[in-house]
Amino acid sequence: MEHEQQRTESRGSMADLPKDLLAEIQNLEQAFTVDTAKLKAITKHFVSELEKGLSVEGGSIPMNPTWVMDFPDGYETGTYLALDMGGTNLRVCEITLTKNKSEFDIVQSKYRMPEELKTGHSDELWEYIADCLQQFVETQQSERPPVQGKIPLGFTFSYPATQNYIDEGILQRWTKGFDIDGVEGNNVVPMLEAALERRGVPIVVSALINDTTGTLIASAYTDTKMKIGCIFGTGCNAAYMENCGSIPKLAHMNLPADMPMAINCEWGAFDNEHKILPRTKYDIIIDKESPRPGQQAFEKCIAGLYLGEIFRLILVDLHDNKDVHIFEGQDIKHLRKPYTLDASFLSAIEEYVFSMSSPTSQVLLTYS
């Protein structure tokens, strides 16, 4: 035991790290550290952009009204069909709300969103989604009597959309690596319904919401203290309830001032103008080589779609740095392919390093 303790302490000494690597670690630490004064300045600008989004001025953060006007009370009942279109996966769910408050049953299927669809033709996207819905509905109906008439669907569309009605979603811009022509500026609901009709799938979209709004409302069903729905996944965003009297851009509608309205912030676009957020050279590369340079500035710095790519760029940079010999003699051709590493790889590293429980492990974790 005594020998093991000495071995662990030796392994955990910063002195064991090669000097060239130690210098690069210090450089990386400096590049990725944001001091308190800067964080306060970022926060102040962030709040001002949220307020601007609620006003008639607009801004990078659109603060989209959703026309979801209240929280559930927990006593809702019935069986509902839901579709969740995210940046990585497509989920189809059947949710049954019971008479017991805040209890529900759920059956769901998850489908991987093929990468080629993200930059393909719009018809291909909607046909794929319609196919997934058809498979799910046919499987569920094989186990019970068929539903008469069209099945109402709640569509979670995880992208910035303008809504004048609860069953409308006019795409403002693609995010999460999507870049499909012919969709931006258009209502996505008729596009999906047309694909469903071509297949003879008896589904009608009765509501469209953002995933943050869905998180907010679904979580409030089981927890009445819920105030904010946040997504930290492929992208990053949040929704919350605002009083209509605090939304100047809706003042012309003369809504009751105390009437609640769920607001989809779409804060992934924060600081698209690059006024306040510090960016490393890796952030700049990711933005430049993305399908939509200059958009989703905040999201590209922190969201799951990009974290693995930031790490990959650092590793390639270390390999190509002739003053650092950590990868000397190694072939990294597979690592040179963009987005080879995803955020799950970083989680695996974190899990492994914490299991080692050594000081050096903690140091390496910080910079991975």
Per the filter on the stretch 191-217, residues assigned to a helix (DSSP H, G or I) and within 20 Å of GLY304 (Cβ to Cβ) are ASP211, THR212, THR213, GLY214, THR215, LEU216
Of the candidates LEU153, LEU117, the one satisfying the condition of being closer than 26 Å to LEU216 by Cβ and surrounded by 15 or more Cβ atoms within 10 Å (Cβ to Cβ) is LEU153
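Does LEU90 satisfy the condition of being under 19 Å from LEU171 (Cα atoms), modelled with pLDDT of 95 or more and crowded, with 16+ Cβ neighbours inside 10 Å? So that I can check it myself, show each step before the final result.
Numbers: under 19 Å from LEU171 (Cα atoms): yes; modelled with pLDDT of 95 or more: no; crowded, with 16+ Cβ neighbours inside 10 Å: yes.
Answer is no for this residue.
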Scanning the stretch 158-190 for residues that are buried (at least 19 other Cβ atoms within 10 Å of the Cβ) and in a helix (DSSP H, G or I) gives VAL188, VAL189
Is the stretch 42-49 home to any residue that is surrounded by fewer than 15 Cβ atoms within 10 Å (Cβ to Cβ), hydrophobic (A, V, I, L, M, F, W, C), part of a helix (DSSP H, G or I) and modelled with pLDDT of 95 or more?
yes
- Message: Would you confirm, using the coordinates I've provided, whether ALA220 is within 15 Å of THR66 (Cβ to Cβ) and without any contact (Cβ under 8 Å) to a residue 60 or more places away in the chain?
- Response: no
Only one of MET63, MET69 is more than 19 Å from PHE155 (Cβ to Cβ), at pLDDT 90 or above and hydrophobic (A, V, I, L, M, F, W, C), namely MET63
Restricted to the stretch 237-266 and to residues being crowded, with 23+ Cβ neighbours inside 10 Å and of a type outside the set (S, T, N, Q), the residue farthest from ALA343 (Cα to Cα) is ALA262
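Test ALA251 against the stated conditions and say whether it is of a type in the set (Gly, Ala, Ser) and under 25 Å from the mean Cα position of the chain (by Cα).
Criteria not met by ALA251.
The values are calculated or read from the model by the stated rules, or taken from the named source; none is laboratory data. Just so it is clear, the structure is predicted and the values come from calculations on it, not from any experiment. When we count neighbours, we look across all protein chains shown, and the Cβ atoms used for this are built from the backbone with ideal geometry, even at glycine.
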